[in-house]
1. Would you say A:Glu85 is modelled with pLDDT of 90 or more and more than 30 Å from B:Asp16 (Cβ to Cβ)?
2. Where residues in region A:115-135 are within 8 Å of chain B (Cβ to nearest Cβ) and part of a loop (DSSP other than H, G, I, E, B), which of them is modelled with the lowest pLDDT?
3. Can you tell me which residue is farthest from DNA strand D (Cβ to nearest atom) among those in region B:24-55 that are among the basic types (Lys, Arg) and within 24 Å of B:Ser125 (Cβ to Cβ)?
4. From the set of residues in region A:49-68 that are open to solvent by 70 Å² or more (accessible area, probe 1.4 Å) and under 18 Å from A:Asp78 (Cβ atoms), which is modelled with the lowest pLDDT?
5. Is it true that A:Leu112 is surrounded by 13 or more Cβ atoms within 10 Å (Cβ to Cβ), at pLDDT 75 or above, assigned by TED's automatic domain parsing to the domain that holds A:Leu3 and within 22 Å of A:Ser4 (Cα to Cα)?
6. I need the full set of residues from region B:4-51 which are away from DNA strand C (no atom under 12 Å from the Cβ), within 11 Å of chain A (Cβ to nearest Cβ) and part of a loop (DSSP other than H, G, I, E, B), in order please.
7. Please state which of the following conditions B:Leu138 fails to meet, knowing it meets all the rest: (1) modelled with pLDDT of 90 or more; (2) part of a loop (DSSP other than H, G, I, E, B); (3) not polar (S, T, N, Q).
8. Among all residue pairs at least 6 apart or on different chains, which show Cβ distances below 7 Å where the first residue, located in region B:43-58, is in the same structural domain as B:Asp16 (by TED's automatic domain parsing) and the second is surrounded by 15 or more Cβ atoms within 10 Å (Cβ to Cβ) and of a type in the set (Asp, Glu)?
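The values are calculated or read from the model by the stated rules, or taken from the named source; none is laboratory data. Keep in mind that this is a model prediction, so the values were computed, not measured. With ideal geometry, Cβ positions are generated from the backbone for all residues, glycine too; neighbour counts draw on all protein chains shown. The accessibility values were calculated without ligands, DNA or RNA, using every heavy atom of the protein model including side chains. Shrake-Rupley method; radii C 1.70, N 1.55, O 1.52, S 1.80 Å.
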2 protein chains.
Amino acid sequence: MKLSTKGRYAVMAMVDLATHSDGKPVSLGDVAERQEISLSYLEQLFGRLRKNGIVTSVRGPGGGYLLARSARDTRVADVILAVDEPIKATRCTPGSSTGCRGRQQRCLTHDLWEELGNQIYLFLSSVSLADVVERRVLGTSGMLFQRDHEGRVAANR
Amino acid sequence: MKLSTKGRYAVMAMVDLATHSDGKPVSLGDVAERQEISLSYLEQLFGRLRKNGIVTSVRGPGGGYLLARSARDTRVADVILAVDEPIKATRCTPGSSTGCRGRQQRCLTHDLWEELGNQIYLFLSSVSLADVVERRVLGTSGMLFQRDHEGRVAANR
DNA sequence: TAGTTCTCGACTAGAACAGTTGGTTAATTC
DNA sequence: GAATTAACCAACTGTTCTAGTCGAGAACTA
């Protein structure tokens with residue numbers, strides 16, 4: 001599970017879509033203006049989303065994009081997986097079980113990345129677009145960590 | 001909380017350090033060879049780790065790096081925060097509460113990224129270097145998602 | 001003094017990100 | 001049927017980050 005600004009842009013746009021679609025298609029031009037993302041970049045992202053069956057498209061005037069499923073059934077994880085290509089296995093890629101065998105059989109940190117990837121995926125697939133729209137994202141929040149005046153990392157335990 | 005291969009390299013190196021240090025300093029040359037990471041790149045990373053008080057250094061022959069605290073008290077999150085500079089707030093940066101006010105007061109997905117960042121941080125600070133060394137990273141694991149033959153994303157629920 | 005190891009800064013090829021440009025195709029409206 | 005709308009598509013670009021290289025120096029040990 002890769003986390004990039006690309007995935008975040010896609011989620012922002014999809015939330016916008018979920019918010020402003022009342023059964024009618026929403027044009028990317030509108031989304032671009034509201035979210036202040038370039039139209040052409042959105043086109044690239046929605047190309048991916050369409051190929052992955054997350055949205056459907058309607059061409060021509062009054063056209064645009066529609067959620068393929070309801071906002072409640074579209075999970076944030078689906079959106080991110082659709083736009084972020086599965087990464088090619090470098091050294092020890094979180095998702096795949098191959099790739100991290102240098103000279104040892106399996107790198108020491110393998111389980112850690114695997115587990116972290118699962119945690120992230122579990123969280124993001126527990127959240128639907130509807131949850132985001134209705135601001136139903138539980139706030140455990142609070143300042144959990146800071147940097148001191150010298151720039152060093154300090155945690156508030 | 002930024003997740004990059006850079007942070008992963010740092011954690012791999014720190015786990016190596018925790019594994020091979022029996023009170024004596026471990027030279028970066030040894031770590032580089034074992035982990036197959038370039039020495040000069042490691043030097044950059046350990047410069048950051050030292051400035052953030054994660055490791056201490058000993059110069060000269062027989063020198064190297066030592067954990068500043070015990071492996072049990074050094075958390076994976078600390079390592080990653082030390083090497084990954086706090087990102088400059090682009091549009092809606094997960095960590096900081098500023099930055100995502102385009103024309104609205106606060107973007108719809110803000111809470112989502114904030115909460116995700118917290119989830120990741122909580123997980124990574126619950127794991128110490130000792131946990132990784134002793135392979136004590138709980139495996140909720142299993143294949144949670146896949147792509148079908150057309151490359152589309154599908155989840156195993 | 002020689003050799004080891006850390007320390008520091010500048011530089012680099014390659015990749016990814018975010019966006020641009022310039023088209024085409026399909027549907028609607030005039 | 002012509003003009004307009006908006007999805008589609010491909011190639012290209014400036015910027016940033018990654019991962020690494022290179023060179024010089026400073027501290028310590030033998």
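1. Answer is no for this residue.
2. Of region A:115-135, the ones within 8 Å of chain B (Cβ to nearest Cβ) are A:115-116, A:118-125, A:127, A:132-133, A:135.
Applying the additional criterion that residues be part of a loop (DSSP other than H, G, I, E, B) yields A:127, A:135.
Details: A:Val127: 93, A:Arg135: 87.
Ranking the qualifying residues of region A:115-135, first place goes to A:Arg135.
3. Among them, the one singled out is B:Lys51.
4. A:Lys51
5. Taking the combined requirement at face value, the residue does not satisfy it.
6. B:Glu36, B:Ile37
7. (1)
8. Sorted first by the residue in region B:43-58, then by its partner, the pairs are B:Ile54/B:Asp78.
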